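Structure first, then comments.
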Amino acid sequence: MRQRPLLAVLAGTAALMASISSIEAKGPATAYAQMARSLVVCSDPNNLPFSDEAREGFENKVAELLAQSLGTPLRYVWWAQRRGYVRNTIGSARCDVWPGVAGSPPGMIISRPYYRSSYVFVTREERALEGLTLDDPRLRSLLIGVQMVGNDATNTPPAHALSERGITQNVRGFMLYGDYTQAHPAAAILDALAHRRIDVAIVWGPFAGYFASRSDTPLKLQAVSPLIDHGIWPMAFDIAVGVRSSEPELRDEINRILERRRPAIEHILEEFHIPHTAPGGAATRVAGS
């Protein structure tokens, strides 16, 4: 077998080192792309307005923006957001990121928040129920719908707040994720409001804004107050991107993208009628108002 001339080997090595240096010099985004990686996103296939398998949710749009900015293809790992979601997706290294994280779940590191939303009161415009708060005496005589996570009706912050005030008999629970065999399972609580089966709904803002904007019955949103009830139950949360804990460089690059592409993210939130403020803000406004 013929040996490659030494000068050719050295030239090839130099070219390789120059290529590596070039990738590093261009920063983490370009390095991430040139390593032939995809951005793999954990996502629920039936959870609008956040995500669906047709990629029509606002978190799908945020994921597209991140992948585009990183210069990588976008892939999904689809998993219903039920018990075990984190363990079976980002926790088992099946995906890199999970847009839409509140707090700091175990098994991941968190980006800077990219929006803040709150629970909101949703009423029919015809009722003119202005100025509602958790301490409003009118709540005692209204039929109230509230979102639940499990079988315990006091497991969301608004449900805790109502229970602390002794408001339970006129409360109707709706599962946060709804009937997963149906399209738009989370919309059941707003359907009940639109069809006059309840008088007021207390709903997580993104659900409320999106489905209210599509309702044939005119609905009105008002941020729940106080924003921290009894100093214990927060009604507003900053929302971030969860990143696999082994990828701090990716988290750092996502932070830079979220800052640089702030206007584009704001446009996405407005397009989907997501009630929001800048992260850390005190009040929630209705997108498009």
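Quick notes
- Neighbour counts of C-beta atoms inside 10 Å place TYR114, TYR76 in the sequence TYR76, TYR114, starting with the fewest.
- Charge tally for LEU193 (other residues, Cβ to Cβ under 9 Å; Lys, Arg +1; Asp, Glu -1): +1.
- Environment charge of LEU139, counting only residues whose C-beta is closer than 10 Å and scoring Lys/Arg +1, Asp/Glu -1: 0
- Inter-centroid distance (Cα atoms) of segment 191-260 relative to segment 83-139, Å: 5 Å
- Applying 1/(1 + (r/R0)^6) with r as the Cβ-Cβ distance of GLU64 and TYR85 and R0 = 22 angstrom yields a FRET efficiency of 0.55.
- Ordering TRP98, TRP204, TRP78 from the fewest to the most neighbouring beta carbons within 10 Å gives TRP78, TRP204, TRP98.
- Rounded, prolate or oblate (a/c below 1.5 giving rounded, otherwise prolate when a/b exceeds b/c) for segment 88-204 by Cα gyration tensor: prolate
- Shape class of segment 75-140 from the alpha-carbon gyration tensor: prolate, with a/c at 1.5 or above and a/b greater than b/c.
- Net charge of Cβ neighbours under 14 Å - reference ILE228; Lys, Arg +1; Asp, Glu -1: -3
A short reminder: the numbers here are calculations on the coordinates, not readings from a lab. All figures in this text were calculated on a predicted structure; none of them were measured in a lab. Reconstructed Cβ throughout: ideal geometry from the backbone, glycine too, with neighbour counts over all protein chains shown.
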